[in-house]
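Encoded as structure tokens, the structure appears first; notes follow it.
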């Protein structure tokens, strides 16, 4: 996968001056050994500087981390810890490097330590969190941040996808080609929050894209891209006559990204696909969008800027392809009764169909087939609607989620885990039958009540824990989830 950062977490142990420094140092060594035994080398770096109530040592630690190329920090309380210098470390490192930080702390190992070698990091973590708030420092603190070497190793490993997302967002450029289609307000949202998150946006006209496309007429690289498309599609290549244009469009996007990302390291795209796109370009861009998304460069449909942002977060967290789907239609009772009831433990109202025209990458579709866009072809010639990649989405675990700015420029998000059922959809497009526990209530009291648009990002696997922590780290105060039966939403009628 392209477009994803590789994280290197520097581990810095800290010590209170009234505790033996060796206690923190030895616990740090044990933590590093436990991590490398369980997860291998390369993710972490053991900083040799143990900070003992010293701003000078804090500076030395930051310099050492930067020299070693660390782009994330774990402050490890081997004992009570120096609340001032340890939080100064978090502040200085995060501000200098625009990088994420976490805190965790050592548990007492056995009875013997209680007599003379207690660390009291359980206590020190409270003061650390208080001082982080005083200094206005954001840090990831695990759900239960105190543990032995193996448990703290697990905490650091769980921090990696969170760190990747936070780090990458601060180095992201969203490239859009718009404006949004007319009569399509749903995906329009204030862009102020993109800047607040540290991302950059470049908004372009569809005419700019059209000009760039024609500059790629007869590009010498087109035949090579066509061959790659033919190989990918195989027997599903039902529209070979459109591949040249699609290849030309793919090269246009890739060249635009390379020429316009500027000082940013990572990119996602919010693209236009109707109403004039088909008649002027002569195809729909869905398949090309799917190919780039499958490589780690998300391309959202319908100039959905926060959809592209959400897809990018999911890509970086999962290190896998994602997709963007309409939360689209109900499952007919006939289909539910014949293929789901009694076979899967879901109510009819737990199920729905997630759909889009053909933007899901081939690796996430059963028997992917190149077709035409059936909805657009109701009012346009079929030949200008070619370019969708259709098929039922592969069954398995998924996470449905979205980060969105509201009309008043407030961030909100939702996360819900579920699965794509191995049940035929009998429909068209990139589509699957999704099942999320208590979807009926989630739909009403999170999606509708929260004014979320119909597009949702889909990660292939259960990544709810990491995504929830990413949104918390980003400062999202309103994160909707699918509450279990019996636990009421704030707006849910108890009668």
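Nothing in this text is a laboratory measurement; each read-out follows from the coordinates by a stated rule. As the structure is a prediction and not an experimental result, all values here were calculated from the model. Virtual Cβ from ideal backbone geometry, glycine too; neighbours counted across all protein chains shown.
A few remarks follow.
- Antiparallel %, DSSP beta bridges [both residues in the chain], to 5: 45
- Theoretical FRET efficiency, 1/(1+(r/R0)^6), r = Cβ-Cβ of residue 192 and residue 472, R0 25 Å, to 0.05: 0.80
- Computing FRET efficiency as 1/(1 + (r/R0)^6) for residue 487 and residue 221, where r is the C-beta to C-beta distance and R0 is 60 Å, gives about 0.65.
- Rounded to 10°, Cα long-axis angle of helix 149-169 versus longest principal axis of the chain: 50
- Rg over Rh for segment 433-495 works out to 0.96, both radii taken from alpha-carbon positions and Rh defined as the Kirkwood radius.
- Rounded tilt (10° steps) of 21-39 against the dominant C-alpha axis of the chain: 30
- Translational D in µm²/s for segment 61-118 (Stokes-Einstein at 10 °C, 1.306 mPa s, Kirkwood Rh from C-alpha pairs): 124
- Shown is the FRET efficiency for residue 182 and residue 26, computed with R0 = 45 Å from the Cβ-Cβ distance and rounded to the nearest 0.05: 0.10.
- Taking every DSSP helix (H) stretch of at least 4 residues in the chain, weighting each as -39,500 (n - 2.57) and dividing the sum by the residue count yields a mean residue ellipticity at 222 nm of -11000 deg cm²/dmol.
- The Cα trace of segment 216-351 gives Rg and Dmax of 18.3, 56 Å, the first to one decimal, the second as a whole number.
- Kirkwood Rh and Cα Rg combined as Rg/Rh, segment 9-169: 0.93
- The C-alpha atoms of the chain define a longest principal axis, and helix 305-318 lies at about 60 degrees to it.
- Between the alpha-carbon centres of segment 265-286 and segment 156-177 there is a gap of 25 Å.
- Of the Cα atoms belonging to segment 172-481, the radius of gyration and Dmax stand at 18.7, 57 Å.
- Distance between segment 1-53 and segment 421-444 - C-alpha centres, whole angstrom: 43
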